[in-house]
1. Looking only at segment B:60-102, which residues are within 12 Å of chain A (Cβ to nearest Cβ), surrounded by fewer than 20 Cβ atoms within 10 Å (Cβ to Cβ) and among the hydroxyl-bearing types (Ser, Thr, Tyr)?
2. Select, from A:TYR54, A:TYR50, A:TYR64, A:TYR37, the only residue that is over 30 Å from B:ASP7 (Cα atoms), among the aromatic types (Phe, Trp, Tyr) and either buried (at least 16 other Cβ atoms within 10 Å of the Cβ) or touching a Lys or Arg at 6+ places or on another chain (Cβ under 6 Å) (or both).
3. Would you mind stating whether B:VAL114 is aliphatic (A, V, I, L, M), out of contact with any helix residue (DSSP H, G or I) (no Cβ under 6 Å at 6 or more places or on another chain) and surrounded by 13 or more Cβ atoms within 10 Å (Cβ to Cβ)?
4. So, in segment B:31-60, how many residues would count as being touching a helix residue (DSSP H, G or I) at 6+ places or on another chain (Cβ under 7 Å) and in a strand (DSSP E or B)?
5. Out of all the residues in segment A:48-62, which are in contact with a Phe, Trp or Tyr (Cβ under 8 Å, 6 or more places away or on another chain) and over 19 Å from B:GLU102 (Cβ atoms)?
6. Pull out all pairs, ordered by first then second residue, where Cβ-Cβ is under 6 Å, the residues are six or more apart or on different chains, the first lies in segment B:2-24 and is acidic (Asp, Glu), and the second is not in a loop (DSSP other than H, G, I, E, B).
7. Being buried (at least 19 other Cβ atoms within 10 Å of the Cβ) and not aliphatic (A, V, I, L, M) is the filter; apply it to segment A:77-90 and report the residue that is nearest to A:SER31 (Cα to Cα).
8. Which residues, taken from segment B:1-30, are hydroxyl-bearing (Ser, Thr, Tyr) and outside any strand (DSSP E or B)?
Amino acid sequence: AQKITQTQPGMFVQEKEAVTLDCTYDTSDQSYGLFWYKQPSSGEMIFLIYQGSYDEQNATEGRYSLNFQKARKSANLVISASQLGDSAMYFCAMRDGNTGNQFYFGTGTSLTVIP
Amino acid sequence: DTGVSQDPRHKITKRGQNVTFRCDPISEHNRLYWYRQTLGQGPEFLTYFQNEAQLEKSRLLSDRFSAERPKGSFSTLEIQRTEQGDSAMYLCASSLGATRVETQYFGPGTRLLVL
C-alpha cells in the first residue's frame, strides 16, 4: 500500500491566487511527521513545511500552510498569493516508526503558475 | 555556501563502467541519506548513515551499490558495473539527529545517464 498518495499529477493556478495541493497518507503509528518539499527544474529538494502528528495547530511558514486533518489522514499544502517562482514539483513526505529514519515520498504534483 | 553539496552534478557513463558520487553534508549534521529519483517519481530511499555507521539499507540497494561515510563527514556512493536502469537522479540529504522535527536537507543531486 502506498504510504503517501498525491492524486494531482499537475495543477495550474493564476498568479496571486491560492492553490491547494492534496496529500493523503497511510500509517498505523501514532507518532509521525509530514513534510512538504519543492523541487524546481534544477533538481534540488527545498524543505517547505513540517507537521507533527501531535501538533494541535496547523503548521504555517510564510505563504505556505498545511491543512492537517488527522482523522482523514490528509495533509494538504496551501500556497497563498501564488508567484511565478512557485512553479515546480511539490512532494509530500512522511516519516514514521515503520519507515524509521527514511522519508517516504509521494509521486509529486507539478504546479504551474500562470501570469 | 553551507548547504549540502554533491559532486558531480552530471555523469554520463557507458554500461558496465563504475561510477562514484560524493556528498558533503551540512557540517554539524550527523545523519546522511542517499535517495534515488527516477523521472515522474518521488525520491526512493537507498541508505542511511549515523556518523560513520551505515544503519539502514533499502532492498533497492543491490550488491552493485556501496556507500561509505569515512570519519562521519562526507559520503560516497559507488555503483559498479552500471546498467541502463541505474539512470536516475541520486540525491543526498543530511539532518541533525535527535531533534523533534529532524528535517532532511537535500543537495542538488547527481544526474546519472548510463548509455
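No value in this document is a laboratory result; all are computed from the given coordinates. All values reported here derive from a predicted model rather than from experimental measurement. Neighbour counts are summed over all protein chains in view; Cβ atoms, including those assigned to glycine, are modelled from backbone coordinates with ideal geometry.
1. Of everything in segment B:60-102, just one residue is within 12 Å of chain A (Cβ to nearest Cβ), surrounded by fewer than 20 Cβ atoms within 10 Å (Cβ to Cβ) and among the hydroxyl-bearing types (Ser, Thr, Tyr), namely B:THR99.
2. Answer to the selection: A:TYR64.
3. Working: aliphatic (A, V, I, L, M): yes; out of contact with any helix residue (DSSP H, G or I) (no Cβ under 6 Å at 6 or more places or on another chain): no; surrounded by 13 or more Cβ atoms within 10 Å (Cβ to Cβ): yes.
So B:VAL114 does not fit the description; no.
4. Selection size over segment B:31-60: 0.
5. A:ASN58 - this is the single residue of segment A:48-62 that is in contact with a Phe, Trp or Tyr (Cβ under 8 Å, 6 or more places away or on another chain) and over 19 Å from B:GLU102 (Cβ atoms).
6. Listed pairs, sorted by first residue: B:ASP7/B:ARG22; B:ASP24/B:SER5.
7. So, considering only residues that are buried (at least 19 other Cβ atoms within 10 Å of the Cβ) and not aliphatic (A, V, I, L, M), the one nearest to A:SER31 (Cα to Cα) is A:TYR90.
8. Result: B:THR2, B:SER27.
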